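Down below is the structure, laid out as structure tokens.
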Amino acid sequence: MQARKINAGIYWVGAVDWDRRLFDALIPLPDGTSYNAYLIQGSEKTALIDTVDPAMAHMLLDRLHQLGTEHIDYVIANHAEQDHAGALPQIINRYPEVQVVCTSKCKDMLVDLRLAPPDRFLTVNDGATLSLGDRTLEFIHAPWVHWPETMLTYLREDKILFSCDLFGSHLATTGLYVTDEGQVYEAAKRYYAEIMMPFRKIIQKNLQKIQEHDISLIAPSHGPMYERPEFILAAYRDWVLGDPKNSVVLPFISMHGTTLKMVNYLVDVLTEKGVTVQQFNLAVTDIGKLAMALVDAATIVIGSPTVLTGAHPNVVYAAYLANALRPKLKFASIIGSYGWGGKMVEQIAGLIPNLKVELLNPVVCQGFPGKSDFDALDKLAGSIADKHKEHNLFGIRENKND
Ligand code: FEO
């Protein structure tokens with residue numbers, strides 16, 4: 001793929017990673033990803049915004065070569081993570097005059113990561129500007145989206161916000177801009193759920209800061225660019241600030257069908273009561289889908305059999321992940337089964353201290369569920385529906401189910 005022109009003197013020079021299927025050896029990438037880097041040629045100076053994953057450094061260098069780039073004054077390192085800063089050594093090697101522009105915290109991290117020598121840096125404060133001649137870069141510190149050193153770069157004359165990971169989507173595509181908003185909404189929500197959601201409260205402040213700028217184009221470091229910035233800004237406002245929805249997330253494991261019987265029963269009763277449920281069999285689920293469901297859910301119900309006195313390991317993993325992602329849940333419960341004893345409920349409850357939830361009475365049965373267990377599940381479903389109503393989470397149509 002060639003370098004792609006955005007405006008006169010502004011080019012996309014990144015890399016599309018069609019085949020990558022896992023990030024951080026953790027996050028599934030069903031649609032691949034991209035590492036976006038941008039070249040800005042001012043009348044006096046040239047700047048490169050971010051680099052690419054080191055495995056694709058040759059693509060960045062090829063595109064710079066295609067554009068006849070013989071000199072780069074600045075490489076703007078918005079973020080120290082290797083998928084954006086990992087090709088700095090190759091850039092410094094090819095363009096020995098280049099200065100690395102970043103926050104002071106980012107400088108420390110890039111030096112620690114051995115990606116740039118300490119004498120290469122120009123550190124910038126929040127709100128600082130850097131002139132390229134006829135173009136001006138403004139730096140917006142945005143710590144914790146999603147590392148502590150992160151900043152965004154605003155190109156004043158063109159009104160372009162280079163937002164790094166913020167507003168990104170793991171989506172490999174030849175499209176430079178968003179064309180299918182439904183497709184990008186899904187990918188961006190997955191990205192938010194997996195990467196940004198733990199920092200929801202800080203992102204609120206950063207959103208306010210961003211909205212003080214007149215933005216005509218958002219250019220993230222993953223996925224296509226937003227010619228309609230309000231599309232992704234509105235989505236983020238909903239994910240970050242909106243109330244949870246009338247929805248239950250139900251991750252579970254069943255070994256011999258007992259927990260599954262309880263799950264199916266509870267899902268049926270909740271559905272009858274007008275509550276939306278998304279159930280995830282952790283033996284087969286895409287963990288990214290679970291993370292996405294947690295963005296909006298008001299309640300989580302975790303289902304597990306008892307294995308070796310505790311919860312099934314897949315359930316432990318999902319509970320740990322939900323706790324780490326810190327979604328805006330309000331309620332939680334646990335259902336499942338045991339043969340002769342164990343501490344499954346206590347173990348799961350102990351894994352989710354970050355979830356500021358009200359714990360609704362768990363339902364755990366010995367052996368296969370009988371009438372008293374189904375009665376308890378009816379009661380749990382009733383409690384969940386009542387709680388959702390008390391918090392005005394039911395819509396007009398759902399209230400008609402009463
Ligand atoms: Fe895309 Fe935090 O790196």
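The values are calculated or read from the model by the stated rules, or taken from the named source; none is laboratory data. Note that the structure is a prediction, hence the values are computed from the model and not measured. Using ideal geometry, Cβ is built from the backbone for each residue, glycine included, and neighbour counts are taken over all protein chains shown. For the accessible areas, the whole protein counts, side chains as well, though only heavy atoms, and no ligand, DNA or RNA atoms are used. Shrake-Rupley method; radii C 1.70, N 1.55, O 1.52, S 1.80 Å.
For segment 1-154, averaging the sequence separation of C-alpha pairs within contact (under 8 Å, six or more residues apart) and dividing by the residue count gives a relative contact order of 18 percent.
Could you tell me whether segment 1-132 comes out rounded, prolate or oblate from its Cα gyration tensor? Rule is a ≥ b ≥ c as square roots of the eigenvalues, rounded for a/c under 1.5, then prolate if a/b exceeds b/c, otherwise oblate.
oblate
Solvent-accessible surface of the chain, averaged per residue with a 1.4 angstrom probe and all protein chains in place: 42 square angstrom.
Relative to the current alpha-carbon distance between R156 and Q2, full extension at 0.36 nm per residue lengthens the span by 52.8 nm. Taken about its Cα centre, the chain carries a charge dipole of roughly 800 debye when the Cβ of each Lys and Arg holds +1 and the Cβ of each Asp and Glu holds -1.
Rounded to the nearest 500, the 222 nm mean residue ellipticity of the chain from helices alone is -10000 deg cm²/dmol, with -39,500 (n - 2.57) taken per DSSP H run of at least 4 residues. Peptides 304-310, 350-356, 254-260, ordered by how many other C-beta atoms sit within 10 Å of their residues on average, highest first, read 304-310, 254-260, 350-356. Each label was represented as a point 7 Å from its Cα along the Cα-to-Cβ direction; for N361 and L122 these points are 6.7 nm apart. The peptide list 375-388, 27-40, put in order of mean Cβ contacts within 10 Å with the highest first, becomes 27-40, 375-388. Taking only protein heavy atoms and a 1.4 Å probe, the accessible area of segment 236-314 is 53% carbon and sulfur. Cysteine residues of the chain whose C-beta has no other cysteine C-beta under 4.7 angstrom: C164, C365.
For V100, the amide hydrogen comes within under 5 Å of the amide hydrogens of V75, F121, L122, counting only partners 5 or more places away or on other chains and with H modelled in the peptide plane.
Give me the percent of accessible area attributable to carbon and sulfur for segment 67-208, probe 1.4 angstrom. C and S atoms contribute 47 percent here. Placing dummy labels 7 Å off each Cα toward the beta-carbon, the span from T179 to K379 is 5.7 nm. Working ranking of peptides 266-278, 204-216 by packing, defined as the average number of other Cβ atoms within 10 Å per residue, highest first, is 266-278, 204-216.
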